[in-house]
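Participant: Below are the structure tokens for one structure; questions will follow.
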Amino acid sequence: MGTGGSVPTPARNTSAVAIRTAQDMLLFDCGEGTQRQFMLSAFSFMKLEKIFISHLHGDHFLGLMGLVQSMNFSGRDRPLEIFGPRGIAEIVHATITLGRFELAFDIFWRELKDGEVVEGDGYSVKAVEALHIPNSLSFILEEDGRKGRFDPETARKLGVKEGPDFSRLQRGMDVIVGDRKVSPKDVMGPPRPGLKLAYSGDTLPNERFAEHAKGCDVMIHESTTDSSLAKKANDYGHSTAAQAAEIALKAEAKALYLVHISGRYSDATPLLEEAKRTFVNSFLPDDLELVKVVSSD
Ligand SMILES: [Zn+2]
Ligand SMILES: [Zn+2]
């Protein structure tokens, strides 16, 4: 929803990444104007279940108040959950009270510390302390493991006929073939891990984040500047494109998306080029760019 850093520009809004899982819609960060970005996108903010705020710099949470008020005007009655670092309770309180409106739905919130996990429907989100300001978090989203793949060849060899018995086995039931029993374990491959996505939030390059992100399908990493401004970026607790790429490499990520691009770049291609020199599968998404993440196995 927003790929810019610190201040919005006509080209890039401030930080927000919407994720649609199989069951839920989640939002990582909610910079000012995020609700309007939703309106311009293929997603509806009314479907949001959980919002995760990485830290309490305005470019990561100022969109909450407008978003919550619009949900209210649009008749939301389902609860909304908001997670963030220490201090998020204050932001939620301000969101609810400062607008002088009657909130028609519940907001539940929880302050997260390093290592804490939020369980969702078919996925979990882990908070990892980031190296930015005190109480800054990165997030690791992991889908629950998926069943192994059904092997129709083996099933046929064991005498199972294609049709209802195939689907019974895939649903975890035994079937009887002649006088023998065929069980799912005979015809299903090993369980497969779910998709994994790592969102850095604002941070200096962080080895611990790379460890927690190990093997992720997608890493979304802040990349505020190019390397010529490394000192400036690092002094403010930010990473360069090359540093983001090094973290993606360490994490053995499958793809890297660079976000939190400083407004000083009207053309951020040099950041992408810089990242690609270290990590080939790097991308520089525009605001509202839709990326479908599928498993390769
Ligand atoms: Zn920021
Ligand atoms: Zn920040």
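The values are calculated or read from the model by the stated rules, or taken from the named source; none is laboratory data. The shown structure was predicted, so the numbers you read here are calculated from the model rather than taken from an experiment. For neighbour counting, all protein chains shown are included, and Cβ atoms are generated from backbone atoms with ideal geometry for every residue, glycine included.
Participant: Filter region 97-112 down to the residues that are of a type in the set (A, V, I, L, M, F, W, C) and within 21 Å of residue 87 (Cβ to Cβ) and list them by number. Spell out the reasoning first.
Facilitator: Going residue by residue through region 97-112, those that are of a type in the set (A, V, I, L, M, F, W, C) are 98, 101, 103-105, 107-109, 112.
Selection gives 98, 103, 107, 108, 109, 112.
Participant: So residue 203 passes all but one of these: (1) outside any helix (DSSP H, G or I); (2) among the hydroxyl-bearing types (Ser, Thr, Tyr); (3) more than 24 Å from the chain's Cα centre (by Cα). Which condition number does it fail?
Facilitator: (3)
Participant: May I pose another question? Can you report the number of residues in region 1-43 which are of a type in the set (Val, Ile, Thr) and farther than 18 Å from residue 141 by Cα? I'd like the intermediate steps shown before the answer.
Facilitator: Taking region 1-43 first, the residues of a type in the set (Val, Ile, Thr) are 3, 7, 9, 14, 17, 19, 21, 34.
Then drop every residue that is not farther than 18 Å from residue 141 by Cα, which leaves 3, 7, 9, 14, 34.
Qualifying residue count, region 1-43: 5.
Participant: Tell me whether region 176-194 contains one or more residues that are closer than 21 Å to residue 250 by Cα and surrounded by fewer than 22 Cβ atoms within 10 Å (Cβ to Cβ). Outline the logic, then answer.
Facilitator: Let us first name the residues in region 176-194 that are closer than 21 Å to residue 250 by Cα, namely 193-194.
With the extra rule that they be surrounded by fewer than 22 Cβ atoms within 10 Å (Cβ to Cβ), the set shrinks to 193-194.
Yes; the residues of region 176-194 include at least one that is closer than 21 Å to residue 250 by Cα and surrounded by fewer than 22 Cβ atoms within 10 Å (Cβ to Cβ).
Participant: Do we find a residue being within 16 Å of ligand 1 (Cβ to nearest atom), assigned to a strand (DSSP E or B) and modelled with pLDDT of 95 or more anywhere in region 73-89?
Facilitator: The answer is yes, given that some residue of region 73-89 is within 16 Å of ligand 1 (Cβ to nearest atom), assigned to a strand (DSSP E or B) and modelled with pLDDT of 95 or more.
Participant: Here's something else I'd like to know. Do you know which of the residues in region 75-103 that are out of contact with any helix residue (DSSP H, G or I) (no Cβ under 6 Å at 6 or more places or on another chain) and among the small types (Gly, Ala, Ser) is surrounded by the fewest Cβ atoms within 10 Å (Cβ to Cβ)?
Facilitator: 75
Participant: Also, quick follow-up: From the residues in region 91-138 that are within 15 Å of the chain's Cα centre (by Cα) and β-branched (Val, Ile, Thr), which one is nearest to residue 247 (Cα to Cα)?
Facilitator: Among residues in region 91-138 that are within 15 Å of the chain's Cα centre (by Cα) and β-branched (Val, Ile, Thr), the one nearest to residue 247 (Cα to Cα) is 128.
Participant: Moving to a separate point now. Filter region 248-271 down to the residues that are away from ligand 1 (no atom under 16 Å from the Cβ) and surrounded by fewer than 21 Cβ atoms within 10 Å (Cβ to Cβ) and list them by number.
Facilitator: Residues satisfying the conditions are 249, 250, 252, 254, 255, 266, 267, 269, 270.
Participant: Please specify each residue of region 215-257 satisfying the condition of being hydrophobic (A, V, I, L, M, F, W, C) and in contact (Cβ under 8 Å) with a residue 60 or more places away in the chain.
Facilitator: Applying the first criterion (hydrophobic (A, V, I, L, M, F, W, C)) to region 215-257 yields 216, 218-220, 229-230, 233, 241-242, 244-245, 247-249, 251, 253, 255-256.
Within region 215-257, 216, 218, 220 meet the criteria.
Participant: Which of the numbered conditions does residue 219 fail, given that it passes all the others? Conditions: (1) at pLDDT below 95; (2) part of a strand (DSSP E or B).
Facilitator: (1)
Participant: Scan region 271-295 residue by residue and report those that are within 18 Å of the chain's Cα centre (by Cα) and of a type in the set (Asp, Glu).
Facilitator: If the condition is that a residue be within 18 Å of the chain's Cα centre (by Cα) and of a type in the set (Asp, Glu), then 286, 287, 289 are the ones that fit.
Participant: Between 257, 265, 236, which is in the same structural domain as residue 15 (by TED's automatic domain parsing), within 16 Å of ligand 2 (Cβ to nearest atom) and out of contact with any Gly (no Cβ under 8 Å at 6 or more places or on another chain)? Don't jump to the end; show me each part of the working.
Facilitator: On the way: 257 fails: within 16 Å of ligand 2 (Cβ to nearest atom); 265 fails: within 16 Å of ligand 2 (Cβ to nearest atom).
Going through 257, 265, 236 in turn, the sole match is 236.
Participant: With the structure loaded, tell me whether residue 203 is farther than 25 Å from residue 84 by Cα and within 16 Å of ligand 2 (Cβ to nearest atom) or whether it fails that test.
Facilitator: Values: farther than 25 Å from residue 84 by Cα: no; within 16 Å of ligand 2 (Cβ to nearest atom): yes.
It is false that residue 203 is farther than 25 Å from residue 84 by Cα and within 16 Å of ligand 2 (Cβ to nearest atom).
Participant: Residue 59 versus (1) within 16 Å of ligand 1 (Cβ to nearest atom); (2) assigned to a loop (DSSP other than H, G, I, E, B): which is the lone unmet condition?
Facilitator: (2)
Participant: Quick check on my filter: what residues within region 1-35 are among the aliphatic types (A, V, I, L, M) and either within 13 Å of ligand 1 (Cβ to nearest atom) or in contact with a Lys or Arg (Cβ under 8 Å, 6 or more places away or on another chain) (or both)? Steps first, answer last, please.
Facilitator: Filtering region 1-35 for residues among the aliphatic types (A, V, I, L, M) gives 1, 7, 11, 16-19, 22, 25-27.
Answer for region 1-35, where residues must be among the aliphatic types (A, V, I, L, M) and either within 13 Å of ligand 1 (Cβ to nearest atom) or in contact with a Lys or Arg (Cβ under 8 Å, 6 or more places away or on another chain) (or both): 7, 16, 17, 25, 26, 27.
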